[in-house]
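What follows is a single structure, written as structure tokens, with notes after it.
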Amino acid sequence: MDNNIENNQMDSNIDKSKKDILILAIETSCDETAAAVVKNGREVLSNVISSQIDLHTLYGGVVPEIASRKHIEKINQVITQALDMAKASLEDIDAIGVTYGPGLVGALLVGVSAAKALAYASNKPLVGVHHIEGHISANYIENKELEPPFICMVVSGGHTHLVIVKDYGKYEVIGRTRDDAAGEAFDKVARAIGLGYPGGPKIDKLSKEGNPKAIEFPRAAVEGAPFDFSFSGLKSAVLNHINMCEMKNIEIVPADIAASFQSAVVDSLTGRAFNACKQYSCNKLAIAGGVASNSAIREAFSKMSVDRNIEFYYPSPVFCTDNAAMIGVAAYYEYINGTRHGLDLNAIPNLKLGERI
């Protein structure tokens, strides 16, 4: 039996007389255990996040087995808290939304299993959500006027995508990283200059004390793919610079390295995003993902948007990092367009954006 109804086919089971639609959403793709209640795809009634950052900092990065165990410990607690904060019960909920990929398979399984159990026990529809679709949908929460089509730059620890949002739930990926994601590069460079984990916020803070033009790091281009990214060479250039300084007994200035590295990332992201807007004649641009909370990235995108007369959208930092509110927004639009999943829904760690099961 097909567990997924096509997006353009409205579900006859939706109660047309009901004014508001409430989605209970669950997110456990990495190291945040999160649950939220979202009304009508734009209003967040609750958004509960249990972070594991302090725990994984001890190991210099996320340990998948530990993340999975912590999700199991916290999942029921955050779901209950999300419902309580929203002053809602399971009876009030119209559908259960959950991230089923991409992500860490063990972590995803905790959320998917919890969502399936709730859907079965309450006889509510189950809606699986792509994690990147959630990040893109975070822009709808505070930008009530934003509607597709638009171009979105997704930058996170595991993904760097340039996406045309054609409609709700309809995406075309026109650019992606060929190696490291931007967030991954931030973490590796932060580790190299002694900042530790998580790297993104620490580089953002330190770079304010440095000179972004102190070191000329490369801005890689991918031949034949003008909207694709590559950050592996940039990361290697940083490591080579540090090694060279150590061999020649040259002072290493972490703030200058951080600022120069960050400047290279910003140039790579903004250049491709605004070139895409020009090529596809699109005057609306959004950013999303954990790295989208970086102050230098936001400032550069904001300035270039004004210079090029492009409408620029971005979520607040709390909606940039992993959270369930964004999953609830994406699940709402999937729900009203007829997407349903059965109790055989499984975690798909390498799920591609736009892929359906």
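The values are calculated or read from the model by the stated rules, or taken from the named source; none is laboratory data. Being a predicted model, the structure only gives us computed values, none of them experimental. Note: ideal-geometry Cβ built from the backbone for every residue, glycine included; neighbour counts use all protein chains shown.
Annotations
- The range 19-95 holds strands (runs of 3 or more DSSP E) entirely within its bounds, and those carrying 1 or more residues that are among the acidic types (D, E) and closer than 23 Å to G196 by Cβ map to 32-39.
- Here G200 meets each of (1) over 19 Å from G61 (Cβ atoms); (2) touching a residue at least 12 places away in the same chain (Cβ under 8 Å); (3) within 26 Å of the chain's Cα centre (by Cα) with one exception, condition (1).
- A count restricted to the range 314-353 and to residues that are over 14 Å from G97 (Cβ atoms) and under 15 Å from the mean Cα position of the chain (by Cα) stands at 14.
- Matching residues, the range 240-280, being over 22 Å from R176 (Cβ atoms), out of contact with any Lys or Arg (no Cβ under 8 Å at 6 or more places or on another chain) and of a type in the set (S, T, N, Q): N240, N243, N249
- Unique residue being out of contact with any Lys or Arg (no Cβ under 7 Å at 6 or more places or on another chain) and at pLDDT 95 or above when the list is D15, D84, D54: D84
- Note on the range 54-63: residues that are surrounded by 15 or more Cβ atoms within 10 Å (Cβ to Cβ) and without any contact (Cβ under 8 Å) to a residue 60 or more places away in the chain amount to 2.
- For the range 200-214, the criterion of being closer than 17 Å to R176 by Cβ, of a type in the set (S, T, N, Q) and assigned by TED's automatic domain parsing to the domain that holds L269 is met by none of the residues.
- Considering each residue of the range 272-291 in turn, none proves to be out of contact with any Asp or Glu (no Cβ under 8 Å at 6 or more places or on another chain), of a type in the set (S, T, N, Q) and within 23 Å of K205 (Cα to Cα).
- Within the range 248-260, residues that are of a type in the set (V, I, T) have Cβ atoms under 6 Å from residues that are in a loop (DSSP other than H, G, I, E, B) in these pairs: I257/I193, counting only partners at least 6 apart in sequence or on another chain.
- The lone criterion from (1) within 16 Å of S156 (Cα to Cα); (2) in contact (Cβ under 8 Å) with a residue 24 or more places away in the chain; (3) of a type outside the set (V, I, T) left unmet by R298 is number (2).
- Residue satisfying all of: in the range 314-342; among the polar types (S, T, N, Q) and buried (at least 21 other Cβ atoms within 10 Å of the Cβ); nearest to T270 (Cα to Cα) among these: T321
- Flag for A35 being buried (at least 22 other Cβ atoms within 10 Å of the Cβ), farther than 25 Å from K124 by Cβ, among the aliphatic types (A, V, I, L, M) and in contact with an Asp or Glu (Cβ under 9 Å, 6 or more places away or on another chain): no
- Of everything in the range 118-140 that is among the β-branched types (V, I, T) and within 14 Å of the chain's Cα centre (by Cα), the residue that is nearest to A182 (Cα to Cα) is I132.
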